[in-house]
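The values are calculated or read from the model by the stated rules, or taken from the named source; none is laboratory data. All figures in this text were calculated on a predicted structure; none of them were measured in a lab. Please note: Cβ atoms are built from the backbone with ideal geometry, for glycine as well, and neighbour counts cover all protein chains shown.
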Amino acid sequence: MPYTPSSQDVTQLPSWQALREQRQTLEGFSLRQAFTDDPQRFARFSLDDCGLFLDYSKNLIDVRTRSLLVELAREAGLAEAIAALFDGAQVNASERRPALHTALRRPLGERVLVDGVDVMPQVHRALQRMSELVGRVHHGLWRGYSDKPITDVVNIGIGGSFLGPQLVSEALLPFAQRGVRCHYLANIDGSSFQELAAKLCAETTLFIVSSKTFGTLETLKNAQAARGWYLAQGGSEEELHRHFMAVSSNVEAACAFGIREENILPMWDWVGGRYSLWSAIGLPIAMSIGISNFKELLTGAYRMDRHFQQAPFERNMPLLLAMLGVWYGNFWGAQSHAILPYDHYLRNITKHLQQLDMESNGKRVRQDGSALQIASGPVIWGGVGCNGQHAYHQLLHQGTLLIPADFIVPVSSYNPVADHHQWLFANCLSQSQALMLGKSHAEAEAELRAQGLSEAEVQRLAPHKVVPGNRPSNTLVLERVSPGRLGALIALYEHKVFVQSVIWGINAFDQWGVELGKELGKGVYSRMVGSDLSGAEDASTQGLIDFFRSHHRG
Ligand code: F6P
């Protein structure tokens, strides 16, 4: 189904103009004051759905700002865009493809057409095959060449064929079953390969070569290295099928690599890599937590899909998160956004959201190819709390940049130790509180005087102690990290990214920018190894190639 993206200039919409004025009106807006003036502010700016509680009251907004942001989403054609996304229209216009990750979590019985064919039966067939495979491994029926059951599964893949599965399988470790350990091999760095191989036993290891295209350099090199290692450890070509399987839309290339066709699970070109953890690319997740938990993950995401489609815009979680991002990026000049999970198990969410957001919305032209005149996606960064508090939070509190942040925290821990979790939760809340409240000059002076310092010392130190405050954040609270809630959380961000792409008029589902480096890499490699004797295009690259050639030892 072809998709005609809106060609309107979003900055000319009445709501955009009104938001510009609103930004001026809010120049002196004080969050402290807003909470004092409105005892209902927390209730007014919070939402509870799909197992996630979102507090967005610590944002530089009032009720009118929210209305204008929602109006902007309406005027930009979001309702039509959401329908197009779910109905399988070619929202990935440059590649003329739909982006149907939502089909992967829909129950059997629903219909989703791609080129007139209902894809739901194939989606559920793949899920059934995953279920059978997982069952065979978990029940010791899938055995290695020496007839021992599989104990370790190694996912060989990169980007979307790595980050999502790694996030989920590690976040759901408390749900791990049957003692199957999952490992991830992504980078083309021999050190990561050797370190992992040293922990494995070839007889009991199953490799999943996970690559939508089956043409990704890093993945193919690691897969070749894994095959070489397996053979060197005593495995044979005849028994290779017991140790190697693949998930790919390129069955031919996977077969050419030596993987048996019955050991290849499908992927489809209507699923983007960074949206693919819900497909058979999620096989390592299912190997770790079992197929029922994997289905719970899908159900959680499906609930968020329904919320996104059906909740009124004013109470629509992905929409609100997205529009707050637009507010800061396009009206306040924010260039980055911090993701701060206060949970060990969610430690990889920042990396997954980095790819999801930056590969999707790191674009400079609109769907119709015209240059974008406003800022698009921000830099996504961050890391697990409290560690960040003792590192980069200083810049969040006192730096000159405005950096909106999302705090993500579960209420309960799977591993309670004394009162650690109470302290972890308290730290999370106090960080967003400190960002919001800050410490005024007068408060800093009073604090220093109370310490008995001389007036000269008070004046010398006070400016350094001031924390401007008024810095915005969202807090997402989960009761506990569970498959369903994690599914909803990840889907929340997928839809947030989509909403923003609609506002900016860009294609969130292609990634042409990563291709140039790959193409140039071939030429650089040939010159480094001496198979191309011509000089590089520029002196810097040539100089570095020469340095490599004269110093390389291994
Ligand atoms: O190079 C970027 C990219 O294409 C990502 O979008 C993708 O997730 C990753 O590479 C891996 O691709 P594949 O699954 O085809 O190996």
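Determine, yes or no, whether A301 is out of contact with any Pro (no Cβ under 9 Å at 6 or more places or on another chain), assigned to a helix (DSSP H, G or I) and closer than 25 Å to D510 by Cα.
On the way: out of contact with any Pro (no Cβ under 9 Å at 6 or more places or on another chain): yes; assigned to a helix (DSSP H, G or I): yes; closer than 25 Å to D510 by Cα: yes.
Judged against the criteria, A301 is a match.
Check whether at least one residue in segment 278-295 is part of a loop (DSSP other than H, G, I, E, B), within 18 Å of the chain's Cα centre (by Cα) and farther than 20 Å from L217 by Cβ, and report yes or no. Reasoning before the result, please.
Our first condition is that a residue be part of a loop (DSSP other than H, G, I, E, B); within segment 278-295, this holds for 278-279, 290.
Checking which are within 18 Å of the chain's Cα centre (by Cα) leaves us with 278-279.
Remaining after also requiring farther than 20 Å from L217 by Cβ: 278-279.
Yes, the conditions are met somewhere in segment 278-295.
When residues of segment 461-483 are filtered for being in contact with a Lys or Arg (Cβ under 9 Å, 6 or more places away or on another chain) and either among the aliphatic types (A, V, I, L, M) or surrounded by fewer than 22 Cβ atoms within 10 Å (Cβ to Cβ) (or both), how many remain?
Pass one, segment 461-483, residues in contact with a Lys or Arg (Cβ under 9 Å, 6 or more places away or on another chain): 465-475, 478-479, 483.
Narrowing further to those that are either among the aliphatic types (A, V, I, L, M) or surrounded by fewer than 22 Cβ atoms within 10 Å (Cβ to Cβ) (or both): 465-470, 478-479.
The total comes to 8.
Restricting to segment 506-542, name every residue that is more than 12 Å from the ligand (Cβ to nearest atom) and basic (K, R).
The answer is K522, R527.
Identify, from the list R449, R485, the residue that is closer than 30 Å to H101 by Cβ, of a type in the set (K, R) and in a helix (DSSP H, G or I).
Numbers: R449 fails: closer than 30 Å to H101 by Cβ.
Checking each option against the conditions leaves just R485.
So which residues in segment 360-402 are β-branched (V, I, T), touching a Phe, Trp or Tyr at 6+ places or on another chain (Cβ under 8 Å) and either buried (at least 18 other Cβ atoms within 10 Å of the Cβ) or at pLDDT below 95 (or both), if there are any at all? Working first, answer last.
Of the residues in segment 360-402, the ones β-branched (V, I, T) are 365, 374, 379-380, 384, 400.
The next check asks that each one be touching a Phe, Trp or Tyr at 6+ places or on another chain (Cβ under 8 Å); those that pass are 374, 384.
V384 - this is the single residue of segment 360-402 that is β-branched (V, I, T), touching a Phe, Trp or Tyr at 6+ places or on another chain (Cβ under 8 Å) and either buried (at least 18 other Cβ atoms within 10 Å of the Cβ) or at pLDDT below 95 (or both).
Check G329 against each of (1) surrounded by 22 or more Cβ atoms within 10 Å (Cβ to Cβ); (2) small (G, A, S); (3) within 16 Å of the ligand (Cβ to nearest atom) and name the one condition it does not meet.
(3)
How about segment 335-373: which of its residues are within 30 Å of L173 (Cβ to Cβ) and either within 16 Å of the ligand (Cβ to nearest atom) or touching a Cys at 6+ places or on another chain (Cβ under 7 Å) (or both)? Walk me through it before giving the result.
Of all residues in segment 335-373, those within 30 Å of L173 (Cβ to Cβ) come to 336-360.
Hits for segment 335-373 are Y342, N348, K351, H352, L353, Q354, Q355, L356, D357, M358, E359, S360.
Does at least one position in segment 344-356 carry a residue that is more than 25 Å from A176 (Cα to Cα), in contact with a strand residue (DSSP E or B) (Cβ under 9 Å, 6 or more places away or on another chain), in a loop (DSSP other than H, G, I, E, B) and not small (G, A, S)?
No, there is no match, as no residue in segment 344-356 is more than 25 Å from A176 (Cα to Cα), in contact with a strand residue (DSSP E or B) (Cβ under 9 Å, 6 or more places away or on another chain), in a loop (DSSP other than H, G, I, E, B) and not small (G, A, S).
Quick check, is R485 within 34 Å of the chain's Cα centre (by Cα), of a type in the set (K, R) and away from the ligand (no atom under 16 Å from the Cβ)? Talk me through it step by step, then tell me what you get.
Working: within 34 Å of the chain's Cα centre (by Cα): yes; of a type in the set (K, R): yes; away from the ligand (no atom under 16 Å from the Cβ): yes.
In short, yes.
Give segment 167-176 a look and list any residue that's away from the ligand (no atom under 16 Å from the Cβ) and either over 24 Å from S292 (Cβ atoms) or touching a helix residue (DSSP H, G or I) at 6+ places or on another chain (Cβ under 6 Å) (or both), or say none. Please lay out each step first, then the result.
Here is the first cut: in segment 167-176, the ones away from the ligand (no atom under 16 Å from the Cβ) are 169-176.
Those that are away from the ligand (no atom under 16 Å from the Cβ) and either over 24 Å from S292 (Cβ atoms) or touching a helix residue (DSSP H, G or I) at 6+ places or on another chain (Cβ under 6 Å) (or both): S169, A171, L172, F175, A176.
Could you give every pair whose Cβ atoms fall below 7 Å, whose first residue belongs to segment 202-213 and is without any contact (Cβ under 8 Å) to a residue 60 or more places away in the chain, and whose second residue is assigned to a loop (DSSP other than H, G, I, E, B) and within 16 Å of the ligand (Cβ to nearest atom), counting only separations of at least 6 or pairs across chains?
Pairs that qualify, where the first residue is without any contact (Cβ under 8 Å) to a residue 60 or more places away in the chain and the partner is assigned to a loop (DSSP other than H, G, I, E, B) and within 16 Å of the ligand (Cβ to nearest atom), are V209/I259; S211/G157; T213/N250.
Listed residues A223, A256; which is assigned to a helix (DSSP H, G or I), modelled with pLDDT under 95, within 16 Å of the ligand (Cβ to nearest atom) and at negative phi? Explain how you work it out, then say what you get.
Working: A223 fails: modelled with pLDDT under 95.
Criteria check complete, one pass: A256.
Run M287 past the list (1) within 16 Å of the ligand (Cβ to nearest atom); (2) in contact with a His (Cβ under 9 Å, 6 or more places away or on another chain); (3) within 20 Å of Q177 (Cβ to Cβ) and report the number of the one that doesn't hold.
It is condition (1) that M287 fails.
Consider G164 carefully, then state whether it is at negative phi, within 16 Å of the ligand (Cβ to nearest atom) and more than 21 Å from the chain's Cα centre (by Cα). Before you say what the answer is, go through the steps one by one.
Numbers: at negative phi: yes; within 16 Å of the ligand (Cβ to nearest atom): yes; more than 21 Å from the chain's Cα centre (by Cα): no.
Here the answer is no, as G164 does not meet what is asked.
Look at segment 194-220 and say how many of its residues are surrounded by fewer than 18 Cβ atoms within 10 Å (Cβ to Cβ), within 16 Å of the ligand (Cβ to nearest atom) and part of a loop (DSSP other than H, G, I, E, B).
2
Could you list all residues from segment 108-147 that are acidic (D, E) and either over 26 Å from C201 (Cβ atoms) or part of a helix (DSSP H, G or I) (or both)?
In the first step, residues of segment 108-147 are kept if they are acidic (D, E); the result is 110, 115, 118, 132, 147.
Correct list: E110, D115, D118, E132.
I need the full set of residues from segment 259-277 which are aliphatic (A, V, I, L, M) and assigned to a loop (DSSP other than H, G, I, E, B), in order please. Can you show your working first?
So the first thing to find is which residues in segment 259-277 are aliphatic (A, V, I, L, M), and the list is 259, 264-265, 267, 271, 277.
Hits for segment 259-277 are I259, M267, V271, L277.
Among the candidates D118, D152, D147, which residue alone is on the phi > 0 side of the Ramachandran plot and more than 16 Å from the ligand (Cβ to nearest atom)?
On the way: D118 fails: on the phi > 0 side of the Ramachandran plot; D152 fails: on the phi > 0 side of the Ramachandran plot.
Only one candidate qualifies: D147.
Can you list residue pairs whose Cβ atoms sit under 7 Å apart, with the first residue in segment 307-333 being without any contact (Cβ under 8 Å) to a residue 40 or more places away in the chain and the second being in a helix (DSSP H, G or I)? Count only pairs 6 or more apart in sequence or on different chains.
N316/F308
Residue under question is N293, and the condition is that it be buried (at least 16 other Cβ atoms within 10 Å of the Cβ), farther than 30 Å from I61 by Cα and away from the ligand (no atom under 16 Å from the Cβ); does it hold?
yes
Which of the residues that make up segment 267-281 are more than 13 Å from the ligand (Cβ to nearest atom) and either surrounded by fewer than 24 Cβ atoms within 10 Å (Cβ to Cβ) or farther than 23 Å from V180 by Cβ (or both)?
First, pick out the residues of segment 267-281 that are more than 13 Å from the ligand (Cβ to nearest atom): 270, 278.
Of everything in segment 267-281, just one residue is more than 13 Å from the ligand (Cβ to nearest atom) and either surrounded by fewer than 24 Cβ atoms within 10 Å (Cβ to Cβ) or farther than 23 Å from V180 by Cβ (or both), namely W270.
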